[in-house]
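Okay, so here's the structure we're looking at.
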Amino acid sequence: MKKISILIPAYNEQEVLEHLYQRIGKLANDNKSYEFEFLFADDGSRDKTLEIIKDYAKKDDRVKYVSLSRNFGKEIGMIAGLDHVTGDATVIIDADLQDPPELIPKMIKFWEEGYDDVYAKRSSREGETWIKIVTANTYYWLLNKMTQGQLIKIPRNTGDFRLLDKRCVEALKQLRESERYTKGMFSWIGYKKKEITYDRDPRAAGEIKQNYRKLINLAIDGITSFSTTPLRISSFIGVIVSAAAFIYLIVVIFKAALFGDTVAGYPSLMAVVLFLGGVQLLSLGVIGEYIGRIFKEVKQRPLYYVEESNVEKPNKKVR
Ligand code: UDP
Ligand code: MG
């Protein structure tokens, strides 16, 4: 019998766990032709999340958990989970039920047809503010423009809700960078992909855990880990500004030579100095972003530490 692992990253999700457990439990009971495993990646929750999960695990041996030593963020939570799953395929699903588990049988069907990565694209975003929708759209547009050189396409309106064949999981486990942008990695590893669409529900209970700060950081990681276009843009701006400055220089010299030096020009001087200062700081910032990433990666730290787990032998790659 083939085994499906359901991987649930969870951080302070005590309000929603019961609903979730019901829904995925029902799903497993309705699909008796597969063996199921529910792996909770508890990302250092400070509420009762872990206790609740351990309660389930006592009664239900399908329930597995790996609990991290602190809150590492969803991206690290996911790789910790992937390191511990044992299924032939793994479905990553949010704990808050924004992704309907009822879609999983459909994913399994496509997996059986030979697809390795069946991802769910949302056709609506119920219960999300228009600001989030507009920023998300602009961001994906920008991201795809910038990653075109890499020949990978990161699908928009697609989260981490997807079914991955074992070989995709193995591939992802080999990517041990610490500043992770998993959404891009799914595309980067390749393999046969299939898109299905669904309506994204509002959160079933509890509060949103990914605040704007986390999302903005993730957005910057997305661009800097998959594209060096910002560096290229700085170079282009540098070339254009230098060329313009050179032309202006010639104009100034000729004017002075032909008509004598009049000491006008304070406004233009200020404008040029300030503009150039701004461009320089911006470029330094862009370079800094990349140096920062290099700094974090060369330390080669483990991605996370496990506080406790009931998975016997995680076949985890130590780098
Ligand atoms: N999550 C996590 N660690 C964090 C933040 C979030 O494991 O530091 C989990 C959270 O429990 C949920 C999923 O990531 O299962 C998505 O989080 P949320 O619903 O808050 O954000 P959304 O993606 O819906 O904006
Ligand atoms: Mg959510």
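The values are calculated or read from the model by the stated rules, or taken from the named source; none is laboratory data. Because the structure is a prediction, the values reported are computed rather than measured. No Cβ is skipped: glycine too gets one built from the backbone with ideal geometry, and neighbour counts run over all protein chains shown. Surface accessibility is based on the protein's heavy atoms, side chains included, excluding ligands, DNA and RNA. Shrake-Rupley method; radii C 1.70, N 1.55, O 1.52, S 1.80 Å.
Against the condition surrounded by fewer than 23 Cβ atoms within 10 Å (Cβ to Cβ) and more than 16 Å from ligand 2 (Cβ to nearest atom), how does Lys58 come out, does it pass?
Criteria met by Lys58.
Looking at segment 139-153, which of its residues are surrounded by 19 or more Cβ atoms within 10 Å (Cβ to Cβ) and among the β-branched types (Val, Ile, Thr)?
Residue satisfying the conditions is Thr147 alone.
Any idea which of Arg180, Arg156, Arg167 is among the basic types (Lys, Arg), assigned to a loop (DSSP other than H, G, I, E, B) and surrounded by fewer than 16 Cβ atoms within 10 Å (Cβ to Cβ)?
That would be Arg156, the only listed residue that is among the basic types (Lys, Arg), assigned to a loop (DSSP other than H, G, I, E, B) and surrounded by fewer than 16 Cβ atoms within 10 Å (Cβ to Cβ).
Being in a loop (DSSP other than H, G, I, E, B), within 13 Å of ligand 1 (Cβ to nearest atom) and open to solvent by less than 10 Å² (accessible area, probe 1.4 Å) is the filter here, so list the residues in segment 76-95 that pass it.
Ile93, Ala95
What's the number of the only condition in (1) of a type in the set (Val, Ile, Thr); (2) assigned to a helix (DSSP H, G or I); (3) within 20 Å of the chain's Cα centre (by Cα) that Ile108 fails to meet?
Going through the list (1) of a type in the set (Val, Ile, Thr); (2) assigned to a helix (DSSP H, G or I); (3) within 20 Å of the chain's Cα centre (by Cα), Ile108 breaks only (3).
Could you say which residue among Gly265, Gly278 is more than 39 Å from the chain's Cα centre (by Cα) and either surrounded by 10 or more Cβ atoms within 10 Å (Cβ to Cβ) or β-branched (Val, Ile, Thr) (or both)?
Gly265
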